1. Given the criteria surrounded by 16 or more Cβ atoms within 10 Å (Cβ to Cβ) and touching an Asp or Glu at 6+ places or on another chain (Cβ under 6 Å), does LEU76 qualify?
2. Within region 226-248, which residues are surrounded by 21 or more Cβ atoms within 10 Å (Cβ to Cβ) and farther than 8 Å from GLU211 by Cα?
3. Those residues that are without any contact (Cβ under 8 Å) to a residue 60 or more places away in the chain and within 12 Å of the ligand (Cβ to nearest atom), I need them from region 218-250; list them, please.
4. Using beta carbons and a limit of 7 Å, which pairs, at least six apart or on different chains, have the first residue in region 253-279 and closer than 13 Å to LYS17 by Cα and the second one of a type in the set (S, T, N, Q) and part of a helix (DSSP H, G or I)?
5. What residue, of LEU98, LEU83, LEU35, is among the hydrophobic types (A, V, I, L, M, F, W, C), surrounded by 14 or more Cβ atoms within 10 Å (Cβ to Cβ) and free of Cβ contacts under 8 Å to residues at least 60 places away in the same chain?
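Just so it is clear, none of the values below were taken in a lab; they were calculated from the coordinates. Computed from a predicted model, the values in this text were never measured in an experiment. No Cβ is skipped: glycine too gets one built from the backbone with ideal geometry, and neighbour counts run over all protein chains shown.
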Amino acid sequence: MIIDGKAIAAKVRAEVKAQVAEIEARAGVKPGLALVRVGNDPASEVYVRGKVKACLETGMQGFEHILPEATAQLELLALVRKLNADPRVHGVLVQLPLPKQIDAGAILEALAPQKDVDGFGPHSAGALFSGRPGLRPCTPLGILRLLDEAQAELSGARALVIGRSNIVGKPVALLLLERNATVTLAHSRTASLAEEVARADVLVAAIGRAEMIKGAWVKPGATVIDVGMNRNAAGKLCGDVEFAAAAERARAITPVPGGVGPMTIAYLLSNTIQAAKAQLGL
Ligand code: NDP
């Protein structure tokens, strides 16, 4: 089975659209998402534009704030505090990376936890770690939804997550643990990665190295989620997993592109709904 991330993300966005209408009907306000970009990183420009567009398509309000590259940390902190206090804004996203004069950690700390729709702030991370309610990071939420849509059995399954970043690997591992998988978290110092892969019923690769996970390593019948976004030697977009060979052994697998990619924005919107409902007491 090829797991169709585009179709599943469209379903999530349709769910969000219905909830926007419901919130408006019940509370008389539209959920609002503020997107903050500092500087002119070309990838960030593309990401933020995509997020604003997706946000407006659901009927939510989008507030875009573009600050110059030379913005001082204090200025950005002042904007974050203003957005924290703005009742029209239910979610705030500060696009990373930030220019070098700004400490991203300080910005995330200043963000109101109930508006931290990226789920990267210390309060959200702590809530995830200790299993308390809170906003979870978007890509990991999208990955869990893909696994559910593919009807992967998680409880009791051996799950291998490769990559331990704060934005993908670590939170995915915690979400899988919450769902009672037996989780292994691998990284660049892991010995015998091929053997770890061969044992995994559920494999999540979040490395950032083109096709480094060989199809022949994959356990027959496994479910494979490929988070990587890379260019191969021919300049073609590809994942961390050797797709064609892995697809012959896996029960279900995500393609790149069209797998995890579309889920991130969908869950940003879904998190904004969760945040708006909590703030409006719905
Ligand atoms: P990071 O670079 O932050 O983390 C990469 C992880 O991979 C690290 O933990 C690193 O280990 C591990 N790693 C590197 N080399 C190896 C190796 N040879 N064997 C085993 N593990 C290795 O990346 P991100 O988590 O931010 O992103 C990972 C990938 O996912 C990227 O391709 C990125 O573009 C993509 N991505 C896609 C998203 C989407 O589709 N929406 C969203 C976010 C990311 P160590 O810690 O030891 O250095």
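1. Values: surrounded by 16 or more Cβ atoms within 10 Å (Cβ to Cβ): yes; touching an Asp or Glu at 6+ places or on another chain (Cβ under 6 Å): no.
Criteria not met by LEU76.
2. ASP226, VAL227, GLY228, ALA246 - these are the residues of region 226-248 that are surrounded by 21 or more Cβ atoms within 10 Å (Cβ to Cβ) and farther than 8 Å from GLU211 by Cα.
3. Our first condition is that a residue be without any contact (Cβ under 8 Å) to a residue 60 or more places away in the chain; within region 218-250, this holds for 218-222, 224, 226, 228-239, 241-246, 248-250.
Listed by number, the residues that qualify are ASP226, GLY228, MET229, ASN230, ARG231, LEU237, CYS238, GLY239, VAL241.
4. Hits for this filter: ILE273/GLN19.
5. Numbers: LEU98 fails: free of Cβ contacts under 8 Å to residues at least 60 places away in the same chain; LEU35 fails: free of Cβ contacts under 8 Å to residues at least 60 places away in the same chain.
Of LEU98, LEU83, LEU35, the one residue that is among the hydrophobic types (A, V, I, L, M, F, W, C), surrounded by 14 or more Cβ atoms within 10 Å (Cβ to Cβ) and free of Cβ contacts under 8 Å to residues at least 60 places away in the same chain is LEU83.
A quick yes/no check of all residues on (1) within 19 Å of MET229 (Cα to Cα); (2) without any contact (Cβ under 8 Å) to a residue 60 or more places away in the chain:
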residue	(1), (2)
GLY134	no, yes
THR139	yes, no
ILE143	yes, no
ASP148	no, yes
VAL161	yes, yes
ARG164	yes, yes
VAL168	yes, yes
ALA173	no, yes
ARG179	no, yes
